[in-house]
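Let me begin by presenting the structure, written as structure tokens, before commenting on it.
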Amino acid sequence: LALSSQEHQLLSGCFDVLLGKFELMGIPPAARGIPRIVVKFDVD
């Protein structure tokens, strides 16, 4: 599962800043309708 983390500067999204890219490994495939994975970042 590949994710990117972005900081949004404006509502239009034209000034997004890429903070980083992350890859979550070892997550087995799930059938459709299974709850989604929630990923949360706290940046200080």
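Selection within region 1-14: residues that are out of contact with any strand residue (DSSP E or B) (no Cβ under 6 Å at 6 or more places or on another chain) and surrounded by 10 or more Cβ atoms within 10 Å (Cβ to Cβ). The member of this set that is modelled with the highest pLDDT is Leu1. When region 24-39 is filtered for residues that are of a type in the set (Lys, Arg) and farther than 17 Å from Ala2 by Cβ, only Arg32 remains. Scanning region 18-37 for residues that are part of a loop (DSSP other than H, G, I, E, B) and exposed (fewer than 10 other Cβ atoms within 10 Å of the Cβ) gives Met25, Gly26, Ile27, Pro28, Pro29, Ala31, Arg32, Gly33, Ile34, Pro35, Arg36.
The values are calculated or read from the model by the stated rules, or taken from the named source; none is laboratory data. Since the structure is predicted, the reported quantities are computational estimates derived from the model, not experimental observations. Counting neighbours? That spans all protein chains shown, and the Cβs are built from the backbone with ideal geometry, glycine included.
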